[in-house]
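What follows is a single structure, written as structure tokens, with notes after it.
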Amino acid sequence: MKYNLIPLLFIPFLQTSRIHISDGDTIRLDNQRIRLACIDAPESDQPFGSQSTQRLSQIVGNGSNLQVRTVDRDRYGRTIAKLYVGDLYVQEQLVRDGLAWVYTQCLNRCPTTAGSLLRAQEEAQVYRRGVWSSDESIAPWQWRQR
């Protein structure tokens, strides 16, 4: 199996960085578009889309203690990254809150955190949080194909 090894970049952002939350899995820091690695949040027009966006905004706050750990770039030129606020792994929290799915198609980008993401999703399912509160929830990758 061939792996494209991209060095992890640890980029702390100061409070002075301009942060814009695009949706539940995409942010902009100054001019850099960042897609959260290994998760897929509901689309803006999808049930729980606005809640996911609001929760990401709440977690990220003003950007103090925010770390971006780059894992790749996507075909749209966005940085694919793991986000941390202090010790909090942002993707894991969104999944645990039921406001994002683990994006298993891209889980190979997060080998060290894949297990914690899957456990967080299982917990959200068991406790029927967020998207798991309805038996009719549609994953974002299926929603986009409609």
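Every number here is computed from the coordinates shown, using simple stated rules; none is lab data. Predicted model only: the values in this text are computed from it and were never measured. Methodologically, a virtual Cβ is constructed for each residue, glycine included, from the backbone with ideal geometry; neighbour enumeration extends over all protein chains shown.
See the values below:
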{"quantity": "Angle in degrees between helix 49-60 and the longest Cα principal axis of the chain, rounded to the nearest 10", "calculated": "40 degrees"}
{"quantity": "Total charge dipole magnitude, the chain, about the Cα centre, Cβ charges on Lys, Arg, Asp, Glu only, Debye to nearest 20", "calculated": "460 debye"}
{"quantity": "Those Cys residues of the chain for which no other cysteine Cβ falls under 4.7 Å", "calculated": "C106"}
{"quantity": "Within a Gaussian network of the chain (alpha carbon springs, distance under 10 Å), most fluctuating of G77, G24, G98", "calculated": "G77"}
{"quantity": "Filtered GluC sites (Glu not before Pro), segment 51-146: DSSP coil and at most 12 other beta carbons within 10 Å", "calculated": "E136"}
{"quantity": "Neighbour-count ranking [beta-carbon atoms within 10 angstrom, fewest first] of D135, D25, D30, D97", "calculated": "D135, D30, D97, D25"}
{"quantity": "Extreme residue, positive dipole direction of the chain, given options V60, T79, C106 (C-beta unit charges)", "calculated": "T79"}
{"quantity": "Using θ = phi - 60° and Karplus 6.51 cos²θ - 1.76 cosθ + 1.60, couplings along segment 113-120 (whole Hz; Gly, Pro as x)", "calculated": "10, 4, x, 5, 5, 5, 5, 5"}
{"quantity": "Antiparallel DSSP beta bridges within the chain, as percent of all bridges there, nearest 5", "calculated": "90 percent"}
{"quantity": "Residue-by-residue Karplus 3J(HN,Hα) for segment 35-40, coefficients 6.51, -1.76, 1.60, Hz, glycine and proline x", "calculated": "9, 5, 5, 6, 10, 9"}
{"quantity": "Mean projected area in nm² (Cα convex hull; one quarter of hull surface) for segment 80-127", "calculated": "3.3 nm²"}
{"quantity": "Integer Hz, Karplus 6.51/-1.76/1.60 couplings in order for segment 72-88, x for Gly and Pro", "calculated": "5, 10, 9, 5, 8, x, 7, 6, 9, 8, 8, 10, 10, 10, x, 8, 7"}
{"quantity": "Relative contact order (%) - segment 45-146, alpha-carbon pairs under 8 angstrom, separation at least six", "calculated": "24 percent"}
{"quantity": "GNM flexibility winner over the chain from T113, T53, T26 (Cα, springs under 10 Å)", "calculated": "T113"}
{"quantity": "Structure-derived P(r) over Cα pairs in 10 Å bins from 0, in percent: which label, when the choices are (i) 11, 39, 31, 10, 5, 3, 2, 0; (ii) 12, 44, 35, 9, 0; (iii) 10, 33, 38, 18, 1", "calculated": "(ii)"}
{"quantity": "10 Å Cβ shell holding at most 12 others, DSSP loop, chymotrypsin sites (Phe, Trp or Tyr not before Pro): longest site-free stretch of the chain", "calculated": "4-75"}
